[in-house]
Structures are given as structure tokens and as C-alpha cells.
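Single-structure report; data block below.
The values are calculated or read from the model by the stated rules, or taken from the named source; none is laboratory data. Computed from a prediction, not measured in an experiment: that's the story for all the values here. Reconstructed Cβ throughout: ideal geometry from the backbone, glycine too, with neighbour counts over all protein chains shown.
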Amino acid sequence: MAAQINPSILSADFARLADEAKAVEGADFLHVDVMDNHFVPNLTLGVPVVESLARATDTPLDCHLMIEAPDRWAPQYVEAGASSVTFHVEAAAAPVRLAREIRAKGARASMALKPATPIEPYEDLLPELDMLLIMTVEPGFGGQAFLDIMLPKIRRTRELISKHGLDLWLQVDGGVSASTIERCAEAGADVFVAGSAVYGAEDPAAAVRGLRAQAEA
Ligand code: DX5
Ligand code: ZN
């Protein structure tokens, strides 16, 4: 698959979300970080904002739920217009049931792992997913330094995906920038979330194109 860049609106100006979404049209998905101040020590936005964003842009929404009780809330994000919904395995009561419910409602189902969560216990769940997200920072904030120690986990996950012959996207999120994206791509990631590297740039659309070119090099 060609490399995908998903700008994270966590680094955008929340008072101008529609314009900030339009500034990166041409990106594959817009990454929307939902935080509840319980699963992570930060609070962002919820279902009503996702509904409005879905109306404001043609770019499909990739909702990353950093929340407790995703089993209860994730389906509402599909109804709000998300094309892809990611829940954290550390918070999900029944990840297989939840992935099936997200798919049944018509969105791509994705599961995220915090840095200290290993992939190996979840090998048998991979066929239930459309994407796996490996966090390359502790979730909660944009602008953190990329954790190099996650590269072996990305590599092992790519091997598992190949071993099972799955069409599963492998996303990385946190500290992805011009200076780290090539390492992620080399390790086997194919979907790259970038917050500060896109919205901190003078021309966010050009930053998306630059990152994509680097990931595909
Ligand atoms: C962090 C979020 C990320 C964040 C990435 O918990 O999940 O999506 O926006 O921001 P950068 O790219 O600045 O690390
Ligand atoms: Zn995220």
C-alpha cells in the first residue's frame, strides 16, 4: 500500500477547525484525537464536534479514542461520521465484539497499543481489525519526542501481518516528523499520524506531501 499521512488536528487551532481541516485536503484521513481526561490526562472533544467536522470536510475522519469504556462510546463515533474508529485495547472490555460492531456499522475498525502494551497477546485478534495503531509516545499530548524503542514492536507487528497474509494497515502516532518518518516506514508502518509536523509547518498541505514522499522513498 502507498504510504498514508493522517494530520492530527490536536495540533490545529480548535477555534478554526473547519479551516484547519480544509488546509490539509489531500491528506488520506484527518486524525481526530478524542481524550476524556480519564484514560489520558487531557481533554479534547467528543461526538458533537466529530459530527460537525464530518460535515465540514471531504477528508475521511480517523477517530483515535483515548477514552475509558470505548465499548460504550465507539459506535457513536461511527454514527457521527467517522470512517475509521480506533479504540485502545487497554480500555476495551471486549475488543473482538467491539471491532465487529464498528465494522458492522460501516467503519474501519482499529485497535491501539500504548508503548508498554505488547502485540504478541493479540496476534489472534488481528484478522478482526482493519488497522493496528502502535503509539510511539505515551498518549495524551502532541509535540512529544518519538520513542525509538517502539521500532522493534513495529517490525514484529509487520512480521505478524505478513505471516497471516492480512490486509491490515499499520499506523504509528506520536513524534512522527521529517526526522523520524523514514525509520517508521523502514520498520513496516504504512499509515503515519503527524500533528505538530503538519500544523506547526508554514504550509500544512506541503508538509503532508513532503512526509508522504519521505515515507515512500
Ligand atoms: C497523542 C495523539 C497524537 C498527537 C500526535 O496522544 O494521539 O495523535 O496528536 O502529535 P505529534 O505528531 O505532534 O506527536
Ligand atoms: Zn492520535
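For the stretch 153-188, the set of residues classified as more than 16 Å from ligand 1 (Cβ to nearest atom), part of a loop (DSSP other than H, G, I, E, B) and in contact with a helix residue (DSSP H, G or I) (Cβ under 7 Å, 6 or more places away or on another chain) consists of His164, Leu166, Leu168, Gly188, listed by residue number. In the set Ala21, Ala69, only one residue is among the small types (Gly, Ala, Ser) and either buried (at least 20 other Cβ atoms within 10 Å of the Cβ) or closer than 26 Å to Ala178 by Cα (or both); that residue is Ala21. Taking the stretch 88-142 as the search range and keeping residues that are touching a strand residue (DSSP E or B) at 6+ places or on another chain (Cβ under 7 Å) and among the basic types (Lys, Arg), which one is surrounded by the most Cβ atoms within 10 Å (Cβ to Cβ)? If we take residues in the stretch 88-142 being touching a strand residue (DSSP E or B) at 6+ places or on another chain (Cβ under 7 Å) and among the basic types (Lys, Arg), then Arg108 is surrounded by the most Cβ atoms within 10 Å (Cβ to Cβ).
Sub-7 Å Cβ pairs linking a first residue in the stretch 37-57 that is modelled with pLDDT of 95 or more to a second residue that is of a type in the set (Phe, Trp, Tyr) and within 13 Å of ligand 1 (Cβ to nearest atom), at least 6 apart or interchain, are Asn42/Phe141, ordered by first then second residue.
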